[in-house]
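What follows is a single structure, written as structure tokens, with notes after it.
The values are calculated or read from the model by the stated rules, or taken from the named source; none is laboratory data. Computed from a prediction, not measured in an experiment: that's the story for all the values here. Positions of Cβ are generated from backbone atoms using ideal geometry, with glycine treated the same way; all protein chains shown enter the neighbour counts. Only protein heavy atoms, including side chains, enter the accessible area calculation; ligands, DNA and RNA are left aside. Shrake-Rupley method; radii C 1.70, N 1.55, O 1.52, S 1.80 Å.
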Amino acid sequence: MSRSLAEQPKWRARLAGAGALAALAAVVTAPPAAAAPDYSLADANYAGTQIAVHEGVQGTPRVDDLGQTLGHDVSGHQGPVDWPAAAGAGAQFTYVKATEGTGFVNPQYAQQYDGAHAAGIIRGAYHFARPDVSGGAEQAEYFIAHGGGWRADGTTLPGALDIEYNPYGETCYGKNAADMTAWIADFTRTYLAKVKRSALIYTSTAWWKRCTGNAAGFGNTNPLWLARYGPEVGELPAGWDKQSIWQFARGGGLPGDQNYYNGPFGRVQALAKGAATGGA
């Protein structure tokens, strides 16, 4: 039976009220939108920024270490680099920051990366890891897409993953040791699959112990680029019996941070060509 004309306004009002309550409930129960990742420090972040803050500087390396090859690393905060001057000061290899997370590209990257090559310096790119903003595979792909790849020209080093203290908050990016180890493995597996070279891992022993539980599974696959600002290389993270590169000082005769490759220049050339793998 149809409702009377007198009943219809009340019926419609009840339906309208129910609809309004349902809409209100949907608004109240909807999850809040995720905050956009913070990249406010990205232009100032570079390899070792936080390692120096957390671990300090314990002196300078011995100058009598023979058989080492001098190099350096740079990032956007240095601005344009005078590459002929760097080559004249003894730079034989360099690493350039390319990316951070999945939302930042070094604005000086082309000048620095291509400029090093034009000056005859073997160069590679590195990625500042942000395990707090996206997965390891996603960041590896972003890195590769924005300059972090490798080519078999004899002058390009494989890419490096800079994994260190979080400049934006909690030291280990809110991850436990197992999750952090899985994140790093996700990045390195993806890089290897896409580029056909193993990425270097840049870190410090203290951070590696704290945030990965001293994971030992990367030493046979990924060369180690160790940060320690002191007279000796010191203890290595588990799994590596030697470092490929030692970042030994925050500044010196070359632009940016100072590094030694663990061996003569021919070893650097071998790594560029693809002959050197693992922890060697």
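In this view, the solvent-accessible surface of residue 184, computed with a 1.4 Å probe and all protein chains in place, comes to about 0 Å². Taking every alpha-carbon pair under 8 Å whose residues sit at least 6 apart, segment 57-169 reaches a relative contact order of 24 percent. Applying 0.36 nm per residue to the separation of residue 179 and residue 209 and subtracting their alpha-carbon distance, the gain on full extension is 9.4 nm.
Overall, the anisotropy analysis places segment 186-280 in the oblate class: the square-rooted eigenvalues a ≥ b ≥ c of its C-alpha gyration tensor yield a/c not less than 1.5, with a/b not exceeding b/c. Taking only the C-alpha atoms of segment 110-182, the Rg (one decimal) and the largest Cα-Cα distance, Dmax (whole number), read 14.7, 43 Å. Using C-alpha pairs under 8 Å with a sequence gap of at least 6, the mean separation divided by the residue count of segment 129-277 gives a relative contact order of 22 percent. Which of rounded, prolate or oblate describes segment 225-274 when judged by the alpha-carbon gyration tensor and an a/c cut-off of 1.5? Judged from the Cα gyration tensor, segment 225-274 comes out oblate (a/c at least 1.5, b/c at or above a/b).
Amide H to amide H under 5 Å from residue 257: which residues, 5+ apart in sequence or cross-chain, H placed 1.01 Å off N in plane? For residue 257, the qualifying residues are 73.
Is segment 56-131 rounded, prolate or oblate when judged by the Cα gyration tensor, a ≥ b ≥ c being the square roots of its eigenvalues, rounded requiring a/c under 1.5 and prolate requiring a/b larger than b/c? Here segment 56-131 falls in the oblate category. By the Cα gyration tensor, segment 64-202 has an equivalent ellipsoid whose semi-axes, rounded to whole angstrom, run 27, 16, 15 from largest to smallest.
For the peptides 89-99, 135-145, the ranking by packing is 89-99, 135-145, with the highest mean count of neighbouring Cβ atoms within 10 Å listed first.
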